[in-house]
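Here is the structure we will look at, set down as structure tokens.
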Amino acid sequence: MPASYQSPTRGDVNQKTTVSQSTKSNLASGTATVANLISGKGNDVFAISPEDTLGTAVELLRDKRIGALVVTDSAGSLRGILSERDIVRKLAETPGRTLPQQVKEVMTTNVEVCAPKETLVSVLRRMTDGRFRHMPVVENGAPNGMITIGDVVNYRLNELEHEALQLKQMIVG
Ligand code: AMP
């Protein structure tokens, strides 16, 4: 067996992993950033005001075919996030009386945001730990894009396909 295939034993002094063995170097997504994803997806972000009604919110969610809205005040500052899940919860709590209620009564105010330079791995970790699927991108104090867990998974899938193709081309020559 070549020496490089032998598993390390207790007496071995140098147990450092090589570059090709580190998880980070094998995952391109370890270095891909929010800015990379946004440059392909665009920085559209759909916003609603805290005083708007849930009726307006559901129409916007339907028309834009999205699952969450950022809530901004008249100065454009982020005040909260409203997702379809918040609306479903309210529908169950106040049947028949939900749509006239104001966004500010239902939204989540403690919003986790990301910056363009954050890695996608870090965003995915925070979304998974926090159990939410949306993350507004904030730049210079204002929302400038929205990332969903689906976007991150899709980005990584494309990277994997690209990497597989490169490997195939290396093998075939
Ligand atoms: P979602 O999975 O994104 O539909 O959201 C599930 C719950 O998490 C809802 O109550 C949302 O208001 C909330 N939520 C969604 N995105 C965020 C975020 N980036 N920061 C904090 N809460 C969020």
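The values are calculated or read from the model by the stated rules, or taken from the named source; none is laboratory data. Because the structure is a prediction, the values reported are computed rather than measured. Cβ: placed from backbone, ideal geometry, glycine included. Neighbour counts: every protein chain shown. For the accessible areas, the whole protein counts, side chains as well, though only heavy atoms, and no ligand, DNA or RNA atoms are used. Shrake-Rupley method; radii C 1.70, N 1.55, O 1.52, S 1.80 Å.
Assorted remarks:
- Lone unmet requirement of (1) in contact (Cβ under 8 Å) with a residue 60 or more places away in the chain; (2) out of contact with any strand residue (DSSP E or B) (no Cβ under 6 Å at 6 or more places or on another chain) for ALA47: (2)
- Residue ID - surrounded by the fewest Cβ atoms within 10 Å (Cβ to Cβ), chosen from residues in segment 83-104 that are aliphatic (A, V, I, L, M) and within 16 Å of the ligand (Cβ to nearest atom): ALA92
- Criterion (open to solvent by 70 Å² or more (accessible area, probe 1.4 Å), modelled with pLDDT under 95 and not in a strand (DSSP E or B)) met by exactly one of SER20, SER29, SER39, SER25: SER20
- So ALA142, is it over 21 Å from the mean Cα position of the chain (by Cα) and of a type in the set (A, V, I, L, M): no
- Tabulated pairs, segment 67-91, first small (Gly, Ala, Ser), second more than 10 Å from the ligand (Cβ to nearest atom), C-beta under 6 angstrom, 6+ apart or interchain: GLY76/ALA142
- For segment 62-82, the candidate set comprises residues that are in contact with a Phe, Trp or Tyr (Cβ under 9 Å, 6 or more places away or on another chain), open to solvent by 20 Å² or more (accessible area, probe 1.4 Å) and not charged (D, E, K, R); within that set, the residue that is farthest from the ligand (Cβ to nearest atom) is ILE66.
- Scan of segment 129-163 for residues that are hydrophobic (A, V, I, L, M, F, W, C) and either surrounded by fewer than 17 Cβ atoms within 10 Å (Cβ to Cβ) or in a strand (DSSP E or B) (or both), ordered by number: MET135, VAL137, VAL138, ALA142, MET146, ILE147, ILE149, VAL153, LEU157, LEU160
- Scanning segment 43-61 for residues that are open to solvent by less than 30 Å² (accessible area, probe 1.4 Å) and in a loop (DSSP other than H, G, I, E, B) gives a single hit, PRO50.
- Output for segment 105-128, where each listed residue is open to solvent by 60 Å² or more (accessible area, probe 1.4 Å), within 11 Å of the ligand (Cβ to nearest atom) and of a type outside the set (S, T, N, Q): GLU112, ARG126
- Residue list for segment 133-173, restricted to those being among the hydrophobic types (A, V, I, L, M, F, W, C) and under 18 Å from ASN36 (Cβ atoms): MET135, VAL137, VAL138, MET146, ILE147, ILE149, VAL152, VAL153, LEU157, LEU160
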